[in-house]
Amino acid sequence: MLTMVEDAGGTVTRDEWRELGLKCGYDPRGLGGFYRGTYASMRVNPDGTRSLTAAGVEYLTKYGRKR
């Protein structure tokens, strides 16, 4: 899922984030875990869009990008 955000330029809208979650088999209510913890992989921007964090990019670099 993080790869899909990266492929979209690193930032997606709220609706795009939800759709990506559904495509990857997530219940949209469970997507909050991407924003939690010391190494959160996603963040919500002031304009409501969602972006990869540096930790998210590091995760993709360390564990690979799934396409």
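Laboratory data are not the source of any read-out in this text; all were calculated from the coordinates shown. The shown structure was predicted, so the numbers you read here are calculated from the model rather than taken from an experiment. As a convention, Cβ positions derive from the backbone with ideal geometry for all residues, glycine included, and neighbour counts pool all protein chains shown.
Going by how many other Cβ atoms sit within 10 Å of their own, how do MET4, MET42 line up, fewest first?
Listing MET4, MET42 from fewest to most nearby Cβ atoms yields MET4, MET42.
How many nm separate the modelled label positions at ALA40 and THR13, each set 7 Å beyond the Cα in the direction of the Cβ?
Rounded to a tenth, the inter-label distance reads 2.2 nm.
Calculate, in nm to one decimal, what ALA54 and CYS24 gain on full extension: separation in residues at 0.36 nm each, minus their alpha carbon distance.
8.6 nm
With Cα extents along the principal axes in Å as the read-out, I listed (i) 33, 23, 21; (ii) 47, 29, 20; (iii) 27, 26, 21; which label goes with the value calculated from this structure?
(iii)
What's the magnitude of the charge dipole for the chain around its Cα centre, counting Lys and Arg as +1 and Asp and Glu as -1 at the beta-carbon? Answer in Debye, nearest 20.
Here the size comes out at about 220 debye.
What are the ³J(HN,Hα) values, in whole Hz, obtained from phi via the Karplus relation 6.51 cos²θ - 1.76 cosθ + 1.60 with θ = phi - 60°, for each residue of the stretch 30-39 in sequence order, with x given for Gly and Pro?
3J(HN,Hα) across the stretch 30-39, in whole Hz: x, 7, x, x, 5, 9, 9, x, 4, 10.
Would you mind ranking VAL57, VAL44 by Cβ crowding within 10 Å, fewest neighbours first?
Details: VAL57 15, VAL44 12.
Going from least to most buried by this count: VAL44, VAL57.
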